[in-house]
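Everything on this sheet refers to the single structure shown next.
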Amino acid sequence: MKKVFVKDLMIPINSYVAVKKTDSLVNVLQALESARQTNEHAHRDAIVVDDNGKFIGKVTMIDIFRALEPNYKKFTSNRSDRTLTSDFVMKAVKEFNLWLEPEQSICQRGSKKLVADVMHVPESIEYLQEEDTLEKALNLYVMDVHQPLIVKTGDTVTGILRFGDMFEVVRKTLLACKL
C-alpha cells in the first residue's frame with residue numbers, strides 16, 4: 001500500500017461538530033443531527049471546545065451509551081482484564097442491571113446530562129501527528145484506543161481521524177489489487 005499520511009485523511013478540526021462542556025447531551029445530539037442533514041458522511045461524535053474554541057475532549061457514541069447506563073461504571077471498575085466471553089457479558093448484564101430500565105428512565109437521565117458529565121478527555125496515546133502514517137493510526141485503532149483519534153501539528157489540535165475513513169483507504173486498495 002502506498003504511504004498515506006494522517007493529514008491526508010483527517011477531518012479539519014474546524015469542520016467537526018463542536019460543543020461546549022456546559023451543553024446538554026440533547027444539544028450534542030441536536031448538533032449531530034443538524035450536521036447529518038447537510039453532510040452524507042456525517043459525524044457521530046463531537047469535539048468539546050472551551051470558550052476560546054480550543055479542543056479539550058470528545059463525546060463519542062460509546063461515551064453516550066455509558067452515560068445513559070451508569071451501571072457500566074460498576075462493570076468496568078470490576079474488570080481486571082480485557083477478555084470477554086459471552087457468558088461473562090451476560091452475567092454482567094444481569095449482575096449490574098445493564099439497560100434494564102424503562103425507556104422513560106433513560107430519556108430522563110439523558111436529558112439531564114451535560115457534556116462535562118459525558119465527555120472523554122483523550123490520553124496521550126489517542127493523539128497523532130499530521131505526518132504520522134496510516135499504519136500507525138491503524139495499529140492504535142486495532143489495539144483498542146478510544147475513537148476517534150485526535151490529530152496535531154506540534155501541540156496544536158488540527159483534525160480528527162475516524163476509523164471509517166481509514167477503512168475506506170484499505171477497502172479501495174484491496175479492491176484495486178490485480179490478483
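In this structure, residue 153 and residue 112 have a Cβ-Cβ separation that, at R0 = 35 Å, corresponds to a calculated FRET efficiency of about 0.40.
3J(HN,Hα) couplings calculated from phi for the stretch 143-158 with the Karplus curve 6.51 cos²θ - 1.76 cosθ + 1.60 (θ = phi - 60°) are, in sequence order, 7, 6, 7, 4, 8, x, 7, 9, 9, 10, 10, x, 9, 9, 6, 10 Hz; Gly and Pro show x. One chain, two ends: residue 5 and residue 173. Fully extended at 0.36 nm per residue, the span grows by 59.0 nm beyond their Cα-Cα distance.
Applying 1/(1 + (r/R0)^6) with R0 = 25 Å to the Cβ-Cβ distance of residue 126 and residue 54 gives a FRET efficiency near 0.90. Shown in residue order for the stretch 2-17 are the 3J(HN,Hα) couplings computed by the Karplus curve 6.51 cos²θ - 1.76 cosθ + 1.60 at θ = phi - 60°: 5, 5, 10, 9, 3, 4, 6, 10, 5, 9, x, 4, 6, 9, 9, 5 Hz (x for Gly and Pro).
Each reported figure results from applying straightforward, stated rules to the coordinates on display, with no laboratory input. Since the model is a prediction, treat every value here as computed from it, not as a measurement. Here the Cβ is made from the backbone with ideal geometry for all residues, glycine too, and neighbour counts use every protein chain on show.
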